[in-house]
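S.K.: For reference, the structure I am asking about is given below.
The values are calculated or read from the model by the stated rules, or taken from the named source; none is laboratory data. Treat the numbers as computed from the prediction; the structure is a model and nothing was measured. Virtual Cβ from ideal backbone geometry, glycine too; neighbours counted across all protein chains shown. In case anyone asks, the SASA skips ligands and DNA or RNA and just uses the protein heavy atoms, side chains included. Shrake-Rupley method; radii C 1.70, N 1.55, O 1.52, S 1.80 Å.
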Amino acid sequence: MIDSLRGVIAFMIDNQEEIWKQTLEHLWITVVALGVAVIVGLLLGVIISRYERLAGPVIGTVGIFQIIPSIALLGFMIPFLGIGVVPAIVALFLYGLLPIVRNTFTGINSVKPSIKEAARGMGMSNTQILTRVELPLAMPVIFAGIRTAFVINVGVATLCALIAAGGLGEFIFRGIALNNVNMIFAGAIPAAILAIFFDALLGTIQKYIKQLIKPVLITVILGIFIIVPYFFVQSMAERSFRGGFPSEFMQRADGYEGLEKLYNLDMETVELEIGLMYQAVKNKDVDVISGFSTDGRIKAYNLRNLIDDKHYFPPYYAAPMVRGATLRKYPELNEVFERIAGKISDEQMAKMNYEVDQNKKAPKAVAKAYLNEIGLKTDVQLDGDPVIVVGSKNFTENFILAEMFAYLIENYANLKVELKLGFGGTKLNIDALANGDIDLYPEYTGTGLLVLINPREEIRKSIIDDKDKVYDFVKEESRKQYDFEWLQPLGFNNTFALMMREEHARQLNIQSISDLSKYLENL
Amino acid sequence: MIEVSGVTKAYGDKNVVNNISFKVEEGETLVLLGTSGCGKTTTLKMLNSLIEPTNGVVKIDKKDITSEDPTQLRRKIGYVIQDIGLFPHYTVEQNIAVVPRLLKWDKAQIKKRSEELLEVLGLSSSWMKRFPNELSGGQQQRVGIARALIADPPVILMDEPFGALDPITRKQIRDEFKNIEAFISKTIVLVTHDVVEAVELGDKICLLHDGAIVQMGTPKDLIFSPKNDFVKRFFDNQRFMIELMVMTLEDMIPVLESRNDQKPEKLQFTKETSLFNALECVEESVENDIAIEIVNENKKPMISTDREALLRAFYGTKDILSKNRATA
Ligand SMILES: Nc1ncnc2c1ncn2[C@@H]1O[C@H](COP(=O)(O)OP(=O)(O)OP(=O)(O)O)[C@@H](O)[C@H]1O
Ligand SMILES: [Mg+2]
């Protein structure tokens with residue numbers, strides 16, 4: 001406990017500058033968004049307290065944003081607002097609106113009718129009743145709303161790191177990706193302090209609201225009129241060639257850092273969430289992203305995989321990994337899987353992923369269609385107790401492959417199969433395979449090398465740019481260390497890859513990462 | 001000063017105020033009296049445009065009130081609302097200053113006038129900085145009244161201004177209130193369901209039932225010549241007291257026996273004193289057998305008598321009044 005605390009503190013001291021920078025980014029995104037939300041929220045709240053018919057629809061509409069998951073909202077805005085600070089502020093503004101609108105409305109509505117009547121009876125105009133009686137009396141409730149909005153915003157603002165808007169989320173997400181607790185805390189602690197500090201500040205403003213209301217309002221309004229247009233203009237401005245990569249890829253030694261060195265890449269980079277990266281490149285907010293070479297979205301977004309001509313990324317060829325005991329008991333499995341060995345190309349796999357991810361087909365149906373297409377049968381139905389258990393990891397491609405494995409085994413080995421899909425990550429599948437909870441699942445050679453075997457660096461370096469060497473090494477070591485057998489690879493390589501918009505790549509005549517490097521040099 | 005003609009207020013198809021007309025002369029106090037829900041508050045609020053009549057016309061100073069901007073109109077009419085309705089975020093001082101500030105008086109003027117008024121209403125100026133929730137219900141009610149009076153409006157509307165008070169305090173404030181200059185000189189419409197209050201404060205009483213006027217007239221009219229059983233029964237509860245209240249010593253004089261025998265003590269009353277007040281003083285004095293002297297406006301003795309003769313005269317006068325009115 002004490003040690004880990006020391007670790008966090010040491011990390012924070014080492015990274016002071018970065019923490020300050022992120023804190024300031026975080027702060028001002030939140031403050032600007034909140035400022036706009038306060039103005040708009042107050043106005044809306046006042047309007048619906050005057051025209052109660054509108055209250056339901058307005059609060060309902062504003063409330064919708066609360067139920068849209070933040071990532072989805074950010075993704076939804078990319079086509080209109082792109083990435084960066086502007087959509088981040090807009091998203092935070094939308095999230096902050098509900099508590100302010102609702103509390104303004106409730107606050108004004110809960111002013112006793114006799115008091116409003118007295119005000120009217122004294123001869124106050126509607127505006128005077130609002131500013132002298134209703135708003136002051138509703139102020140505690142309104143402030144509670146603003147404070148809620150602020151705390152929500154400080155939290156949601158961490159997500160803005162996912163669309164290249166910066167903020168403390170950068171540390172948090174990198175930390176999560178790299179499983180680095182110190183880094184997570186380096187983002188989370190300042191965020192928590194921000195939330196607490198601002199809550200207290202708002203509390204003080206509330207106390208002295210009478211004296212402060214004018215200066216605060218004027219500052220906020222002026223600020224908004226100056227800052228917001230400035231950022232819209234800035235976000236419209238021309239920009240250079242830009243890469244958008246997930247935090248994990250930016251941080252890992254075998255991620256962007258090594259790639260940049262090997263290919264001598266020279267470009268501006270921003271951090272983006274994996275799910276939003278594809279939209280960002282499609283929307284021309286970035287020009288190159290990193291992804292998995294068989295991802296269905298490559299097709300959906302019409303992207304081009306750049307050839308890794310210097311073999312920077314390790315090969316990730318997929319193959320069935322089987323328990324040794326199972327294979328000895330049913331040696332016919334060897335022969336069964338020969339039927340599909342080398343039969344799936346990158347494009348074909350990407351297309352299947354696309355069918356599931358974008359066209360929402362069932363993995364089972366996609367697997368069956370593909371097997372039929374390459375002339376394999378899928379119509380045998382077996383009864384009785386299952387004798388083989390096929391597992392899978394928790395993502396689309398692995399689901400499809402597991403379904404294929406099941407068809408093949410039932411149709412060509414006449415063994416009844418039970419599927420245990422979505423078992424979790426690599427670790428869980430390996431354990432399950434070792435314990436005999438599952439008999440086989442689809443695995444990748446790169447993962448086998450780095451996670452299952454994890455050899456010394458020299459060995460890794462010596463084989464990593466040759467896919468066959470990797471396969472042979474992993475096969476050999478798996479047998480020795482775990483009694484796991486690798487059957488023949490299926491053909492495709494689901495590795496990291498850099499991708500560009502197809503027409504952009506064609507226009508610049510970029511086929512490989514080396515081409516990209518050359519293009520960047522000449523800019 | 002105030003003229004209401006043919007005013008109706010309907011909610012849905014129910015007329016909560018049904019075709020009422022009345023006039024209040026300048027300086028007069030009209031009491032709207034009736035049981036709960038009979039439409040008193042509704043009627044009152046139509047006088048300052050808080051409620052718009054469905055039908056009929058309200059004129060103040062001969063001008064139709066709809067021809068004027070309602071906020072301007074209301075600033076010229078003092079209003080004491082039924083639920084007091086002080087602003088909880090304002091101090092007593094600020095609460096009282098609401099209307100003058102709307103009228104853009106200068107600060108010194110507001111302060112001077114507030115202090116005067118608080119004194120008149122028996123409120124210590126040390127309360128100026130307090131908030132309403134730090135005052136008792138009765139104190140709040142006084143502040144509410146001060147708020148209505150401060151800008152010296154010619155017309156004042158009061159909706160159960162003493163409602164929140166216990167009977168003793170109520171009587172006490174009423175007594176003070178009756179005698180303050182503001183109350184005497186203003187045109188006032190006052191709502192109550194308390195008959196004693198109505199008789200004591202009203203120059204005229206307008207008895208309402210189910211949104212309509214049952215009878216309107218001076219307290220004496222309503223008590224001694226009720227138009228129907230409803231009116232009669234309305235005052236039955238405290239009839240004796242009320243009758244004593246509406247009769248003045250002057251009313252007694254025609255039938256009053258003069259008694260000049262030597263008494264150890266003597267009480268002097270002006271002829272306008274109500275019989276009730278005179279008898280009350282007599283009861284309160286140590287000696288029961290006491291001489292009572294009635295004086296005219298110049299303090300000149302008109303007649304000297306005693307308690308017994310006064311009471312006998314009361315019954316005599318009552319008979320005459322009831323007969324006269326019945327034949328009239
Ligand atoms: N906005 C409204 N909508 C419908 N009915 C109403 C409305 N305001 C008042 N009423 C009805 O009109 C009638 C008269 O109400 P009003 O407030 O004038 O009574 P009141 O004589 O002042 O009674 P109280 O002595 O209890 O104050 C009541 O029956 C009441 O229910
Ligand atoms: Mg009422």
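S.K.: If you average over every viewing direction, what projected area does the convex hull of the Cα atoms of the protein assembly as shown give, in nm²?
M.R.: So the Cα hull casts an average projection of 56.8 nm².
S.K.: Taking the full set of protein chains and a 1.4 angstrom probe, give the accessible area of A:Thr106 in square angstrom, rounded to the nearest 10.
M.R.: 70 Å²
S.K.: While we're on this one: For the pair B:Ser185 and B:Thr54, what calculated FRET efficiency results from E = 1/(1 + (r/R0)^6), where r is the Cβ-Cβ distance and R0 = 35 Å, to the nearest 0.05?
M.R.: In this case the efficiency is close to 0.55.
S.K.: Once you charge only the Cβ atoms, +1 for Lys and Arg and -1 for Asp and Glu, what is the size of the charge dipole of the protein assembly as shown about its Cα centre, to the nearest 20 debye?
M.R.: Its charge dipole is roughly 1660 debye.
S.K.: Note down the nm distance, to one decimal, between modelled labels 7 Å out along Cα→Cβ at B:Glu284 and at A:Glu503.
M.R.: 10.1 nm
S.K.: Can you give the accessible area of A:Arg50 in Å² (nearest 10), computed on protein heavy atoms with a 1.4 Å probe?
M.R.: My reading of the accessible area for A:Arg50 is about 100 Å².
S.K.: Given the protein chains as shown and a 1.4 Å probe, how many square angstrom of A:Ile374 are accessible, to the nearest 10?
M.R.: Approximately 50 Å² for this residue.
S.K.: How big is the Rg/Rh ratio for segment B:1-124, C-alpha atoms only, Rh by Kirkwood, two decimals?
M.R.: Expressed as Rg/Rh, it is 1.02.
S.K.: Sticking with the crude label model, points 7 Å out along Cα→Cβ, report the distance from B:Glu119 to A:Ala10 in nm, one decimal please.
M.R.: Here the answer is 7.9 nm between the modelled labels.
S.K.: Also, quick follow-up: Determine, from the Cβ-Cβ distance of B:Lys63 and A:Ala72 and an R0 of 60 Å, the FRET efficiency 1/(1 + (r/R0)^6), rounded to the nearest 0.05.
M.R.: Taking R0 as 60 Å, the efficiency between B:Lys63 and A:Ala72 is 0.45.
S.K.: When the accessible area of segment A:2-236 is split by element with a 1.4 Å probe, what percent falls to carbon and sulfur?
M.R.: Within segment A:2-236, the accessible surface is 73 percent carbon and sulfur.
S.K.: With a cut-off of 8 Å between alpha carbons and a minimum separation of six or more residues, what is the relative contact order of segment A:318-494 in percent?
M.R.: Across segment A:318-494, relative contact order equals 38 percent.
S.K.: Let me ask something else about it. Based on C-alpha coordinates, I'd like the Rg and Dmax of segment A:181-317, in Å.
M.R.: Just the Cα atoms of segment A:181-317 yield Rg and Dmax of 21.8, 68 Å.
S.K.: Here's something else I'd like to know. Give the ranking of B:His89, B:His209, A:His26, A:His311 by solvent-accessible surface, highest area first, calculated with a 1.4 Å probe.
M.R.: A:His311, B:His209, B:His89, A:His26
S.K.: Give me the dipole magnitude in Debye, nearest 20, for segment A:318-494 about the Cα centre, with unit charges on the beta carbon: positive for Lys and Arg, negative for Asp and Glu.
M.R.: Once rounded to the nearest 20, the dipole reads 160 debye.
S.K.: Sticking with this structure for a sec: Kindly report the accessible area of segment A:97-234 per residue (heavy atoms of protein chains, probe 1.4 Å, no ligands, DNA or RNA), in Å².
M.R.: Using a 1.4 Å probe on heavy atoms only, each residue of segment A:97-234 averages 45 Å².
S.K.: While we're looking at this one, here's another question. Counting only helical runs of four or more DSSP H residues, what would the 222 nm mean residue ellipticity of chain A come to if each run contributes -39,500 (n - 2.57) and the total is spread over all its residues?
M.R.: Result for chain A, helices only: -19500 deg cm²/dmol.
S.K.: Counting only protein chains, not ligands or nucleic acids, how are B:Ser114, A:Ser70, A:Ser110 ordered by accessible area (probe 1.4 Å), most first?
M.R.: A:Ser110, A:Ser70, B:Ser114
S.K.: Now, a different point. Based on the Cβ-Cβ distance of A:Glu476 and A:Phe65, what FRET efficiency does E = 1/(1 + (r/R0)^6) give at R0 = 45 Å, to the nearest 0.05?
M.R.: Once the sixth-power term is evaluated, E becomes 0.25.
S.K.: In whole angstrom, how long is each semi-axis of the equivalent ellipsoid of segment A:318-494, when you take the square root of 5 times every eigenvalue of its Cα gyration tensor and sort them from largest down?
M.R.: Equivalent-ellipsoid dimensions as semi-axes: 25, 19, 15 Å.
S.K.: To continue, here is another question. Expressed as a whole percentage, what fraction of the accessible surface of segment A:318-494 belongs to carbon and sulfur atoms when a 1.4 Å probe is rolled over the protein heavy atoms?
M.R.: 45 percent
S.K.: Okay, next question. Give me the Å³ per residue figure for the convex hull around the C-alpha atoms of segment A:2-236.
M.R.: Residue-normalised Cα hull volume stands at 145 Å³.
S.K.: Here is a further query. What total accessible area, in Å², is buried where chains A and B meet, using a 1.4 Å probe and rounding to the nearest 100?
M.R.: Adding both sides of the contact gives about 1700 Å².
S.K.: Over segment B:166-290, with every protein chain in place, what whole percent of the accessible area is carbon and sulfur at 1.4 Å, could you tell me?
M.R.: 50 percent
S.K.: So, one more: What are the radius of gyration and Dmax of segment B:177-324, computed over its Cα atoms and given in Å?
M.R.: Answer for segment B:177-324, Rg first and Dmax second: 16.9, 56 Å.
S.K.: How do A:Asp357, A:Asp266, B:Asp203 stack up against each other in accessible area, from largest to smallest, with a 1.4 angstrom probe?
M.R.: Of A:Asp357, A:Asp266, B:Asp203, the descending order of accessible area is A:Asp266, B:Asp203, A:Asp357.
S.K.: To continue, here is another question. Testing the spin-label approximation: label points 7 Å from Cα along Cα→Cβ at A:Ala200 and A:Glu332. State their distance in nm.
M.R.: If labels sit at A:Ala200 and A:Glu332, their model points lie 7.4 nm apart.
S.K.: Right, here's the next one. Provide the convex hull volume over Cα atoms per residue for chain B, in Å³.
M.R.: 165 Å³
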